[in-house]
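Enquirer: I have a structure here, written as structure tokens, and I will follow up with some questions on it.
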Amino acid sequence: MKAIDNKELILALEELESEKGIKKAYLIEAIEQALVTAYKRNFDSAENVKVVMDNQTGEAHLYAVKEIVEIVEDDKLQIALENAKKISKKVEIGDTVDIEMVPKDFGRIAAQTAKQVIIQKLREAEREVVFTEFNDRKGEIVTGIVQKADTNIVVMDLGKLEGVMPQKEQIPTEKYCVNDKIRGYVQDVVKGAKGNPQVIVSRACSEFVRRLFEFEIPEIYEGLIEIKSVSRDPGYRSKVAVYSTNPNIDPVGSCVGQKGVRIQNIINELNGEKIDVIEWNEDPSIYIAAALLPAQVLAVDVKEEEKFAQVIVPDDQLSLAIGKSRTKCETCCKIDKLED
């Protein structure tokens, strides 16, 4: 049965395979399955049917699949052995036999179905390409235009698809407006309800700060300076611990830049968020004391097994060490006031 005029169809399938990477055999199988569904829907049939499409000529053949029995109880699903023998002499009871059918208008239905399947599979393939592209960009910084902004979610236009920034990934001190051009960190790529890829973007995570440092400071990008740790209270303060094995490189000075120009670019991107760059040290006492500068630290008692540090500072240095709302030190140690 020539359900589809098929040189054009086969050429189209081969073109999709070469240009889009969608396998011809996969498309033919999808068309066959769709034709079975279309037949049952259009002809209100309860028969067990299958469609076989020739992958060279494109001709589609519709078959009723019937079980061979001794006594027929349902002629839509069964066939008597003596009748089945007329089709194939080798069959036995319990086997199945394929009986070709040529229903009226099935050729037109087949052509329409094939077209719909190709369009659907093409869209799926394009979505998969975009998903793979952005999935490979996890951990990178992207730039987008704000399309929608409210207290719960910010939707960004990233070009090929949209980025979503949930409330917990927004910087609480920032206000986003439609048409704003903003940058964010690709935290994850997921498939939505309809299979459309969606990028989860964050401006509040510590990794966003890390990537900004890599972007602005060549020594970090080149591996001459290593970011050991980033601790962040989004919108208020970030602490970045840096280290270099090269004794001729000042890791803190390189990050800050001449007259603070390098660090200022990052501060501007974060809308004034304070950034402390400290030099990492394998000795936790030295490391913690450096993290609390410019406060004067008298002693640091480190209990490594408990991951706990008690720091002693002069009475007049307490607020300087703790910082506003205790955000300066709360991620690294517990500050105790020096008692008289």
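Enquirer: Could you work out which residue, out of ALA321, ALA241, ALA80, moves most in a Gaussian network model of the chain, that is, has the largest mean-square fluctuation with Cα springs under 10 Å?
Expert: ALA80
Enquirer: Still on this model: Which value in deg cm²/dmol, rounded to the nearest 500, describes the helix-derived mean residue ellipticity at 222 nm for the chain, given -39,500 (n - 2.57) per DSSP H run of n ≥ 4 and division by the residue count?
Expert: Helices in the chain give a 222 nm mean residue ellipticity of -10500 deg cm²/dmol.
Enquirer: Quick check on the range 58-153: what does the Kirkwood estimate of hydrodynamic radius come out to from the alpha carbon pairs, in Å?
Expert: The Cα-based Kirkwood calculation yields 18.9 Å.
Enquirer: Same structure, new question: With +1 on each Lys and Arg Cβ and -1 on each Asp and Glu Cβ, how big is the dipole of the range 147-228 about its Cα centre, in debye rounded to the nearest 20?
Expert: 380
Enquirer: How big is the shadow of the Cα convex hull of the chain, averaged over all directions, in nm²?
Expert: 29.8
Enquirer: From the phi angles alone, apply the Karplus equation (6.51, -1.76, 1.60; θ = phi - 60°) to the range 264-270 and give each ³J(HN,Hα) in whole Hz, x where the residue is Gly or Pro.
Expert: 5, 4, 6, 4, 4, 4, 9
Enquirer: Could you calculate the FRET efficiency of LYS20 with GLU207 from 1/(1 + (r/R0)^6), where r is the beta carbon distance between them and R0 is 41 Å, rounded to 0.05?
Expert: The computed FRET efficiency comes out at 0.75.
Enquirer: Now for a separate question. Connecting C-alpha atoms closer than 10 Å in a GNM of the chain, tell me which of GLU304, GLU47, GLU124 has the biggest fluctuation.
Expert: Answer for the Gaussian network model of the chain: GLU304.
Enquirer: Let me ask another. Between ALA125 and GLN264, take the C-beta separation as r, use R0 = 45 Å, and let me know the FRET efficiency to the nearest 0.05.
Expert: Calculated value: 0.50.
Enquirer: Let me ask something additional. For the Cα atoms of the chain, what angle does the longest principal axis make with the long axis of helix 6-20, in degrees from 0 to 90, nearest 10?
Expert: Once rounded, the angle reads 20 degrees.
Enquirer: What does the charge dipole of the range 6-134 about its Cα centre add up to, to the nearest 20 debye, if the Cβ of each Lys and Arg holds +1 and the Cβ of each Asp and Glu holds -1?
Expert: Computed about the Cα centre, the dipole is about 260 debye.
Enquirer: For the range 1-73, go through all pairs of different Cα atoms, get the mean of 1/r, take its inverse, and jot down that Kirkwood value in Å.
Expert: Taking every pair of different Cα atoms in the range 1-73, averaging 1/r and inverting gives 13.7 Å.
Enquirer: Quote the FRET efficiency, to the nearest 0.05, computed for GLU29 versus GLU133 with a Förster distance R0 of 25 Å and r equal to the Cβ-Cβ distance.
Expert: Computed FRET efficiency for GLU29 and GLU133 comes out at 0.45.
Enquirer: Projected area of the range 215-280, taken from the Cα convex hull and averaged over every viewing direction, in nm²?
Expert: Averaging across all directions leaves 4.2 nm² for the Cα convex hull.
Enquirer: Next question. Which of the trypsin sites (Lys or Arg not before Pro) across the range 27-90 are loop residues per DSSP, with 16 or fewer other Cβ within 10 Å?
Expert: Counting only loop positions with at most 16 other Cβ atoms within 10 Å, the trypsin sites (Lys or Arg not before Pro) in the range 27-90 are LYS76, LYS89, LYS90.
Enquirer: Which value, in Å³ per residue, describes the convex hull spanned by the Cα atoms of the range 1-135?
Expert: Here the figure is 134 Å³ per residue.
Enquirer: On to the next question. Which value, in debye to the nearest 20, describes the size of the charge dipole of the chain about its Cα centre when Lys and Arg Cβ atoms bear +1, Asp and Glu Cβ atoms bear -1, and nothing else is charged?
Expert: 1000
Enquirer: Identify which of VAL72, VAL201, VAL311 has the largest mean-square fluctuation in a Gaussian network model of the chain, with springs joining Cα atoms closer than 10 Å.
Expert: Judging by the Gaussian network model, the answer is VAL72.
Enquirer: Where in the range 73-122 are there GluC sites (Glu not before Pro) that are in a DSSP coil and have at most 11 other Cβ atoms within 10 angstrom of their Cβ?
Expert: Passing sites in the range 73-122 are GLU73, GLU92.
Enquirer: Another question, if that's okay. Helix 24-43 versus the longest principal axis of the chain: what is the Cα-based angle in degrees, 0 to 90, to the nearest 10?
Expert: 60
Enquirer: What pairs from LYS50/LYS115; LYS160/LYS194; LYS7/LYS40; LYS115/LYS148 go past 24 Å between their alpha carbons?
Expert: Listed pairs above 24 Å: LYS7/LYS40; LYS115/LYS148.
Enquirer: Taking the Cα of LYS85, stepping 7 Å toward and past its beta carbon, and measuring to each backbone N in the range 40-68: which are under 15 Å?
Expert: From the range 40-68, the list is 68.
Enquirer: Simple spin-label model, 7 Å along Cα-to-Cβ: ASP95 to CYS177 in nm?
Expert: About 7.9 nm, to one decimal.
Enquirer: So, one more: How long, wide and thick is the range 139-200, going by the Cα atoms along their three principal axes, in whole angstroms, largest first?
Expert: Principal-axis extents of the Cα atoms in the range 139-200, largest first: 32, 21, 20 Å.
Enquirer: Place +1 on the Cβ of every Lys and Arg and -1 on the Cβ of every Asp and Glu in the chain, take the dipole about the Cα centre, and give the residue among MET53, ILE93, GLY139 whose Cα lies farthest towards its positive end.
Expert: Looking along the dipole axis, the top candidate is MET53.
Enquirer: I would also like to ask the following. Please list, ordered by chain and number, the residues whose modelled amide H lies under 5 Å from the amide H of VAL49; skip anything fewer than 5 residues away on the same chain.
Expert: VAL65
Bear in mind these aren't lab numbers, they're just calculated from the coordinates by the rules spelled out. Fair warning: this is a prediction, and the values are worked out from it, not measured in the lab. As a convention, Cβ positions derive from the backbone with ideal geometry for all residues, glycine included, and neighbour counts pool all protein chains shown.
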